[in-house]
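Here is the structure we will look at, set down as structure tokens.
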Amino acid sequence: MPYKIALYPGDGIGPEVITEAKKVLEAVGADCNFTHIDWNTTLYAKIGKCAPDDYLDKLKNFDAILLGALGNSHNAPDHIAVQPLLGMRRGFDQYVNLRPAVLYEGVECPLKNKKPYDIDMIVIRENTEGEYTPLGGRHYIGTPYEAAIQVNYFTRMGTERIIRYAFETARTRNRKHVTSITKSNALIHSMVLWDEVCREVAKDYPDVTWSSMLVDAAAMNFVRQPEIFDVVVCSNLFGDILTDLAAVIIGGMGFAASANLKPSKKYPSMFEPIHGSAPDIAGKGIANPLAAIMSAAMMLEFLGDEKNAMRIKHAVQSHLKESKVKTPDRGGTARTWEIGDDIVKRL
Ligand code: ATP
């Protein structure tokens, strides 16, 4: 049975990079049946919504969703444009946000004296609760007494399952080390729970070493000594910030892929480049599609087609190593489609 894939390009450079990801999936011979989803901020201009009300129902029978990017502040407020993204993460209980950060051969690293693979980490971000719950409210709006409350919501269950996923992932890797990101010296309820749960979970994994690091120290160490990280596990907000930093130290947003996983496969998982819709370069044909292509490889791997996932990864690695065809973000002049074509040629 072919995999049922919802192709959801979205806004800005989303359609440009998803076109290349699809091209690569077809070239590698992945057994996928694609359905095009045309929800984005242009729809908002027409009907006042960025997706139909029953968007989760419409997506729930797919095996996976391959998303480009959402948001164009000219058409719709950003917090409305990203609602379907947050809705899918929560509605499909995609509690694992997986973001590998690897410094590949041929890629210029902005940090001094880093060799290929000196940076080789995977950041596992909690994706359904924490600081991004839509709980809270505004009071006395528009007055000098105006107040805003945003609730940070951490459950034992949500914390335990993400930390457990991190330890399980560490088991499959060479270094088998987990760094748990915390801020329990200041966030004395949520992060103290996080630390307690981490200590308990760690007892079940005597073969995995682990350490705890404050998020501010982690930000510093991502720049100062990124080689110390193997598996990094963090809350929603900390993961969001640290993974943008991770994307930059491996050479830029153009390479950073991600997966939003429901590990049991009860609901579809979603795969997307970390970058946004990049309105500054949208429509110019110069976006780097590698993050979308690598996200498509992560999708195949999760669905069980490991062979084709590896073929795409190797093609991307050889493309980067040779570094002849480069988009402007890497100092080249190539167009988006030329990158897709080059990957296809290598397949
Ligand atoms: P969001 O909040 O949705 O992440 P943003 O505007 O903060 O959006 P991006 O859209 O990711 O962030 O863009 C940040 C910068 O990186 C922009 O200058 C953009 O042009 C650049 N950029 C992002 N993705 C790519 C890409 N695939 N290829 C080249 N440049 C990119």
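Distance from the Cα centre of region 263-289 to that of region 24-71, in angstrom?
Region 263-289 and region 24-71 have Cα centres separated by 11 Å.
Over region 120-249, what lengths in whole Å, largest first, do the semi-axes of the equivalent ellipsoid take, defined as the square roots of 5 times the eigenvalues of the alpha-carbon gyration tensor?
Details: eigenvalues 172, 60, 27 Å².
That gives 29, 17, 12 Å for the three semi-axes.
How big is the Cα convex hull of region 148-222 in projection, averaged over all directions, in nm²? Display every interim value, and only then the final one.
Numbers: hull surface 23.1 nm².
So the Cα hull casts an average projection of 5.8 nm².
Could you work out what % of the accessible surface of region 122-191 is carbon and sulfur, using a 1.4 angstrom probe and leaving DNA, RNA and ligands out of the count?
On region 122-191, the fraction of accessible area on carbon and sulfur atoms equals 58 percent.
List, in the order given, every pair from Lys22/Lys265; Lys115/Lys326; Lys115/Lys183; Lys22/Lys58 whose Cα-Cα distance in the structure shown is over 28 Å.
With Cα atoms farther than 28 Å apart: Lys115/Lys183.
Compute the normalised compactness of region 279-329: alpha-carbon radius of gyration over 2.2 N^0.38 Å, N being the residue count.
Working: Rg = 12.9 Å, N = 51, 2.2 N^0.38 = 9.8 Å.
Relative to the rule-of-thumb radius for its length, region 279-329 sits at 1.31.
Tell me, rounded to the nearest percent, the portion of alpha carbon pairs in region 188-347 spaced more than 27 Å apart.
Cα-Cα pairs of region 188-347 separated by over 27 Å account for 37 percent.
Might you tell me the accessible area per residue for region 256-347, computed with a 1.4 Å probe and given in Å²?
Accessible area per residue: 41 Å².
Could you calculate the FRET efficiency of Ala219 with Asp280 from 1/(1 + (r/R0)^6), where r is the beta carbon distance between them and R0 is 25 Å, rounded to 0.05?
The pair Ala219/Asp280 has a calculated efficiency of 0.50.
Does a label point 7 Å from the Cα of Asp118, set along Cα-to-beta-carbon, have any residues of region 239-255 with amide nitrogen under 13 Å, and which are they?
Zone members listed by number: 249-251.
Please sort 21-33, 327-339 by packing, taking for each peptide the average over its residues of neighbouring beta carbons within 10 angstrom, highest first.
So the order, starting with the most tightly packed, is 21-33, 327-339.
Rounded to the nearest 0.05, what FRET efficiency is calculated for His74 and Lys203 with R0 set to 51 Å and r the Cβ-Cβ distance?
Taking R0 as 51 Å, the efficiency between His74 and Lys203 is 0.45.
If you look at just the Cα atoms of the chain, how large are its Rg and its Dmax in Å?
Here Rg and the maximum Cα pair distance are 20.0, 62 Å.
So how do Tyr117, Tyr145 rank on accessible area, 1.4 Å probe, biggest first, that is with the largest at the start?
Listed by decreasing accessible area, they come as Tyr145, Tyr117.
What number comes out for accessible area per residue over region 58-109 if the probe is 1.4 Å? Units Å², please.
Using a 1.4 Å probe on heavy atoms only, each residue of region 58-109 averages 38 Å².
Which listed residue (Ile286, Ala6, Phe302) has the Cα farthest towards the positive end of the charge dipole for the chain, taking +1 on Lys and Arg C-beta and -1 on Asp and Glu C-beta about the Cα centre?
Phe302
Simple spin-label model, 7 Å along Cα-to-Cβ: Glu168 to Tyr145 in nm?
Here the answer is 5.0 nm between the modelled labels.
At 222 nm, what helix-only mean residue ellipticity would the chain give, in deg cm²/dmol to the nearest 500, using -39500 (n - 2.57) for each DSSP H run of four or more?
When only DSSP H runs of four or more count, the value is -12000 deg cm²/dmol.
Excluding ligands, DNA and RNA, what is the solvent-accessible area per residue of region 120-249 at a probe of 1.4 Å, expressed in Å²?
Spelled out: the 1.4 Å probe surface of region 120-249, per residue, equals 48 Å².
The values are calculated or read from the model by the stated rules, or taken from the named source; none is laboratory data. Given the structure is predicted, the values throughout are model-derived calculations rather than measurements. Using ideal geometry, Cβ is built from the backbone for each residue, glycine included, and neighbour counts are taken over all protein chains shown. Quick note on the areas: whole protein, heavy atoms, side chains included, nothing else; ligands and nucleic acids left out. Shrake-Rupley method; radii C 1.70, N 1.55, O 1.52, S 1.80 Å.
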